[in-house]
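What follows is one structure encoded as structure tokens, with my remarks underneath.
The values are calculated or read from the model by the stated rules, or taken from the named source; none is laboratory data. Owing to the predicted nature of the structure, the values given are computational and were not obtained by experimental measurement. Reconstructed Cβ throughout: ideal geometry from the backbone, glycine too, with neighbour counts over all protein chains shown.
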Amino acid sequence: SIQLSENGETEDLLIDGKDEPIFLLGTNFPTDEGLIINAWNWTFDKDYTNTLNQESTVDIKYRATIYMKILNWDTIIFKRLLLLFFVAFLLFLFIILLVTYSIRNLLKLKRISDIKTDFINNITHELKTPLATLSIATKTLTNKFAKDNKEIAKDSIDTINRQNKRLQNLIDQVVDNSVGYNDINLNKEQVNLSSFLKDLSEDYALTLPKHIQFIKSISDVSEEVSVDQFYFSTAIVNILNNAVKFEGSVIKITYQIENFEHIISISDNGIGISKKNKTLIFGKFFRVSEKNTHNFKGLGLGLYYCKQIINAHKGTLDVKSRKNEGSTFFIKLPLSNGKKNLISR
């Protein structure tokens, strides 16, 4: 706005600030959308001689405000900061990945530590029984009453031999069951699985308590397969022992050739395996636990060892199970000649 006053009396408004602002350059815009970049008031006096040849003074009051609007201001700022945002995002993503990786490692280390502690406690417990029995048998031999009684001495020596064998078997179990399938040296020979499984089942049935029902459904086939009888029988017996240990009262072993494979299944009606444990039971030192307590004895190496034996025979070992509904383990070996023979009963 520009205002003139002569001798401080009359006023004349040349430009009214209430009118539309004067557009200078660029693209016109409402002042409420712009930013104030400058504002000032300016007043000065000017002497002059009027038409009556008299000296007069005019006062000039100048008041101005300059507005500026930068088009696409947000886009310009965003483009300027885009690289910074991208670097910040990468840094944030790296921190998230680093934290996730650290947490996974901590959980893995904790699990390994728990397994180690559990294994040490378990094997210590397993060693106590034969050691205590050996101690008692040794004391009995040194007792003066045993010196004159050959029967007591013989019983003590037999006890020492049994416990010594048990200790040796326990040590062998830890050593042998810890190896991978690549480290197992197989002595393979051609075996008829029908006859092999029948003999194995008959021998195993003699060791079972009377309350356990053992069902055998073994097909008579002429097809032979190349296996190590010692290791293969160890794997099958371990699975059968698991069925008994985990409260199976009905155990069934079946054998047949199907889909160009030898298929041996061992099922039971025991406690079964929960869904979360089915992927873990073939791991080293893993044992099924409930509420951080182990209700069943063992070193957690049996099924791991079975898996390594079957893998060494180029076969597969799988399980189908539901909690409280029993389990079925499947051993599958490929046919040696790739052809399916007829089953004769």
Given the structure, is residue 112 of a type in the set (Val, Ile, Thr), under 57 Å from the mean Cα position of the chain (by Cα), surrounded by 10 or more Cβ atoms within 10 Å (Cβ to Cβ) and outside any helix (DSSP H, G or I)? no
Scan the helices (runs of 4 or more DSSP H) fully inside the stretch 174-282 and keep the ones with 3 or more residues being modelled with pLDDT of 85 or more and among the charged types (D, E, K, R). 193-205
Out of contact with any Phe, Trp or Tyr (no Cβ under 6 Å at 6 or more places or on another chain), over 19 Å from residue 334 (Cβ atoms) and among the hydroxyl-bearing types (Ser, Thr, Tyr): is that true of residue 234 in this structure? yes
Go through the residues of the stretch 231-244 one by one and say whether even a single one is over 26 Å from residue 308 (Cβ atoms) and surrounded by fewer than 19 Cβ atoms within 10 Å (Cβ to Cβ). no
Would you call residue 13 part of a helix (DSSP H, G or I) and either surrounded by 10 or more Cβ atoms within 10 Å (Cβ to Cβ) or at pLDDT 90 or above (or both)? no
Filter result for residue 2 (at pLDDT below 80, of a type in the set (A, V, I, L, M) and surrounded by 10 or more Cβ atoms within 10 Å (Cβ to Cβ)): yes
